[in-house]
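Have a look at the structure below, then the notes.
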Amino acid sequence: MRICLYSSKIHFSIVLICLSLTAFSPHSFAGGKIALGIGEFDVFDIEDSLEMRAEYRFDKNIAYQIKPFIGLQTTTDKAFHGLIGLYKDIKLTDKLDFTPSLGAGIYTNGHGPDLNSLVQFRTMIELGYNVTEQYKLSFGISHTSNAGFGAGNSGAESAILYIHRGWP
């Protein structure tokens with residue numbers, strides 16, 4: 001268990017170091033947001049684990065205010081999910097946002113739940129509070145599964161708390 005926890009921390013630490021180095025160069029992320037999250041993976045199962053996420057959410061509209069994102073997720077059970085997807089920030093008030101998203105990518109379960117496919121899809125809804133123009137806190141609930149493309153269609157839910165850093 002200690003090796004699993006240590007390995008997951010190394011993966012996430014590398015991601016955090018890379019992302020924090022870019023914090024000193026805001027022009028490279030002009031208009032986008034970095035979102036760092038921590039929460040519980042497979043929240044409805046007895047054998048849940050700690051989940052950590054790092055995402056870059058682009059501020060370039062594809063269509064109808066829909067924007068792309070890239071992300072990495074890892075757990076203390078050594079599960080790993082690298083994904084790309086789409087999201088949409090929907091303003092509820094000046095301070096509150098509702099953000100649905102959909103992503104797909106490569107998943108390895110490590111010692112976590114076997115989701116029966118290398119390719120996994122993640123759907124998520126978030127409720128966010130804009131603290132300032134540059135910072136937002138949000139809470140998200142997500143579902144990760146193979147959408148029926150694998151041998152079976154098991155899935156896992158996550159509850160995640162995010163902090164977002166953007167550049168106006």
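The values are calculated or read from the model by the stated rules, or taken from the named source; none is laboratory data. Here the structure is a predicted model, which means the values were calculated and not measured. Cβ sites come from the backbone with ideal geometry, for glycine too, and all protein chains shown count toward neighbours. Please note that ligands, DNA and RNA were not included when accessible areas were found on the heavy atoms of the full protein model with its side chains. Shrake-Rupley method; radii C 1.70, N 1.55, O 1.52, S 1.80 Å.
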| query | Given (1) over 15 Å from L36 (Cα atoms); (2) free of Cβ contacts under 8 Å to residues at least 60 places away in the same chain, where does T76 come up short, assuming only one miss? | reply | (2)
| task | State which residue pairs qualify: first residue more than 23 Å from Q73 (Cβ to Cβ) and in a loop (DSSP other than H, G, I, E, B) and inside the stretch 84-99, second residue β-branched (V, I, T) and open to solvent by 60 Å² or more (accessible area, probe 1.4 Å) in any location, beta carbons under 9 Å apart, and separation of 6 or more residues or different chains. | result | K95/V131
| query | Just wondering, is there one or more residues in the stretch 68-83 that are of a type in the set (F, W, Y) and part of a loop (DSSP other than H, G, I, E, B)? | reply | no
| request: Starting from residues that are open to solvent by 20 Å² or more (accessible area, probe 1.4 Å) and in a strand (DSSP E or B), keep the ones in the stretch 100-112 and report whichever is nearest to S49 (Cα to Cα). | output: T108
| field | Within the stretch 39-67, considering residues that are hydroxyl-bearing (S, T, Y) and in a strand (DSSP E or B), the one surrounded by the most Cβ atoms within 10 Å (Cβ to Cβ) | value | S49
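Considering each of G148, G103, G152, G112 in turn, give the residue that is touching a Phe, Trp or Tyr at 6+ places or on another chain (Cβ under 8 Å) and either under 24 Å from Q65 (Cα atoms) or free of Cβ contacts under 8 Å to residues at least 60 places away in the same chain (or both). Walk me through it before giving the result.
Numbers: G148 fails: touching a Phe, Trp or Tyr at 6+ places or on another chain (Cβ under 8 Å); G152 fails: touching a Phe, Trp or Tyr at 6+ places or on another chain (Cβ under 8 Å); G112 fails: either under 24 Å from Q65 (Cα atoms) or free of Cβ contacts under 8 Å to residues at least 60 places away in the same chain (or both).
After ruling out the rest, the residue left standing is G103.
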| note | Note on L137: of the conditions (1) under 16 Å from E55 (Cα atoms); (2) free of Cβ contacts under 8 Å to residues at least 24 places away in the same chain; (3) surrounded by fewer than 14 Cβ atoms within 10 Å (Cβ to Cβ), unmet is (2)
| query | Do you know which of the residues in the stretch 130-155 that are of a type in the set (F, W, Y) and within 17 Å of the chain's Cα centre (by Cα) is farthest from I90 (Cα to Cα)? | reply | Y135
| note | Listed by first then second residue, the pairs whose first member lies in the stretch 59-72 and is over 15 Å from I90 (Cα atoms), whose partner is open to solvent by less than 80 Å² (accessible area, probe 1.4 Å) and of a type in the set (S, T, N, Q), with beta carbons under 8 Å and at least 6 positions apart or on separate chains, are F69/S101
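Does the stretch 96-105 contain any residue that is at pLDDT 95 or above, farther than 23 Å from Q134 by Cα and in contact with a His (Cβ under 7 Å, 6 or more places away or on another chain)?
In the first step, residues of the stretch 96-105 are kept if they are at pLDDT 95 or above; the result is 96-105.
Those still in the list that are farther than 23 Å from Q134 by Cα too: 102-105.
If we keep only those that are in contact with a His (Cβ under 7 Å, 6 or more places away or on another chain) too, we end up with 105.
Yes, the stretch 96-105 contains at least one residue that is at pLDDT 95 or above, farther than 23 Å from Q134 by Cα and in contact with a His (Cβ under 7 Å, 6 or more places away or on another chain).
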| said: Going residue by residue through the stretch 113-126, is there one that turns out to be of a type outside the set (S, T, Y), exposed (fewer than 15 other Cβ atoms within 10 Å of the Cβ), over 12 Å from the mean Cα position of the chain (by Cα) and more than 22 Å from L50 (Cβ to Cβ)? | reply: yes
| task | Those residues that are open to solvent by 30 Å² or more (accessible area, probe 1.4 Å) and of a type outside the set (A, V, I, L, M, F, W, C), I need them from the stretch 156-168; list them, please. | result | E157, R165, P168
